[in-house]
Each structure stands twice: as structure tokens, then as C-alpha cells.
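Asks: Starting off with a structure, shown below.
Bear in mind these aren't lab numbers, they're just calculated from the coordinates by the rules spelled out. None of the values given here were measured: they were computed from a predicted structure. We place every Cβ from the backbone using ideal geometry, glycine too, and count neighbours over all the protein chains shown.
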Amino acid sequence: MGKPRGGEKDRKKERYYQAAKKHGYRSRSAYKLRQIAKKHNLLKGVDKVLELCCSPGGWTQVLRELDPGLRIVAVDLSPMPPIQDVKFILGDITSPDIIGKIEAAIEGTVDLVLSDCSPKVSGTWSLDAVRQIYLAEHTIELALRLLTKNGKVLTKVFQGQGFQEFLKSTRTKFKSVKLVKPEASRSTSAEIYLVAKGPIRKNIG
């Protein structure tokens, strides 16, 4: 008898896809943020948020739903349909010009930086993992630059080449660092989320 098609990961993916359609979320990944935010009090003490790689806007919808008063700046290479009172910037988060636009839009500092960034899939796992770590590293750099002293950053990371080095480095830059895996993520997936709080900044001069 042949092996049945699909499996646990396909059922979970389909379940959250259908739930997202039912509740009007633009992506099933919205449930990942909902679960992390509620379990880890991610929005406690947060007034202003910078969201990287936001399109199509599933996470942005959740932010607005969980706290309608949040001030949100969202950035992506791809256009995002408007969400009420969200400042959207179209561009590459690694571009100095776009970083300048981000700084102008946030008008100071932010309390939370979010990143669900993934590279365009090449089909070569080792290459994709390295590219994703690069995006996570850039997220951390921006967070260190823009967060308040008690600010937080949540970023997706692939557990592949460079992951342990990235984790070790991040632990030297924040007072608290932990890894979380929401129920909406497939158990077999290499993706995991890093939550870091309290940036450590070295005095300059």
C-alpha cells in the first residue's frame, strides 16, 4: 500500500490557511505573531513599532487588531495594500536610502522591531539559510540603532549554516535573548523566532 499523500505539516499549513481566509488575514503567518505576542507579552509597554518585510500585511493586521493605538511603520520591497494609520515605505531594508526614510518616519526611536523576513527561495537550502541569516543580522543592526533602552526585537531565523554564530553574537548585544516556536509553525520547519530585549549599547567617545 502506498504512502498517503501530504502529512502533518500539510494539514497544519492548510488549517491555518483556511483560518486566515475565514478571519480576513492576508497571510497564515498572522497566527504566528498572534501566538508569540500573547504567550510572551510582546506588546507590553510598546507604543511604536517598526515592521520589516511586512507585505502582504498579515502581521500588520494583527498588530492593529491587538492594539489599535500602536504607531506602526512598515517596510517591504513589495507593495502592501493600505492598513489604517500605518506608514508604509516601499524599498530594500538594507539600502542606506531606505534606512534614512525609516528614521525619518519613526521620528526618534521605536519600542519594538519585527521581522518575518525570508529570502527569495533559490532551491539550495544552504544558500537560502545564509541569506536568511543576513536578513536577521540586518534586523538586529537596525534594532540596536533604533530601539529604546528597554526595546524588543522579534526576528525569524533559519536553523542552518551560521545560526549558532548569529545566536551567540546576538546574546552579546541584548540583556535577554530567547528562541520561540509558535504552534502555527510546522514542527519540521527549520524556522524559529528569536526574541531579544534590552539592547546593550557601548558608549562612544
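Asks: Any idea what the alpha-carbon Rg over 2.2 N^0.38 Å comes to for the chain?
Replies: 1.03
Asks: With r as the distance between the Cβ atoms of Thr109 and Ile83 and R0 = 22 Å, compute the FRET efficiency 1/(1 + (r/R0)^6) and round to 0.05.
Replies: The formula returns an efficiency of 0.50 here.
Asks: Under 14 Å from the 7 Å Cα→Cβ point of Ser122, by amide nitrogen: which residues of the range 153-174?
Replies: Within reach of a label on Ser122, which here means backbone N under 14 Å from a point 7 Å along Cα→Cβ, the range 153-174 contributes 161-162.
Asks: Looking at the chain, what % of its DSSP beta bridges pair antiparallel, to the nearest 5?
Replies: If I count the DSSP bridges inside the chain, around 40 percent turn out antiparallel.
Asks: If I stretch the segment between Asn150 and Asp92 completely, what's the gain in nm (0.36 nm per residue apart, minus their alpha carbon distance), one decimal?
Replies: 18.2 nm
Asks: May I ask for the net charge around Gly45, where only other residues with Cβ less than 13 Å from the Cβ of Gly45 are counted and Lys, Arg are +1 while Asp, Glu are -1?
Replies: Surrounding charge for Gly45 is +2.
Asks: Give the dimensionless ratio obtained when the Cα radius of gyration of the range 98-159 is divided by 2.2 N^0.38 Å.
Replies: On the way: Rg = 13.2 Å, N = 62, 2.2 N^0.38 = 10.6 Å.
The value comes to 1.25.
Asks: Does the range 98-205 come out rounded, prolate or oblate by the C-alpha gyration tensor, with a ≥ b ≥ c the root eigenvalues, rounded set by a/c under 1.5 and, if not, prolate when a/b is larger than b/c and oblate if not?
Replies: prolate
Asks: Kyte-Doolittle mean at least 0.0 and Cα extent at least 24 Å along the axis: which DSSP H helices of the chain qualify?
Replies: 125-146
Asks: Let me ask another. If one computes the Cα centroid of the range 102-116 and of the range 129-162, what distance in Å separates the two points?
Replies: 14
Asks: If only Cα atoms are counted, what is the Rg of the range 55-101, and what is its Dmax, in Å?
Replies: Spelled out, the Cα radius of gyration and Dmax of the range 55-101 are 11.0, 31 Å.
Asks: Mind listing P(r) for the range 147-205? All alpha-carbon pairs, 10 Å bins, whole percents.
Replies: In whole percents, the pair-distance histogram is 21, 47, 25, 6, 1.
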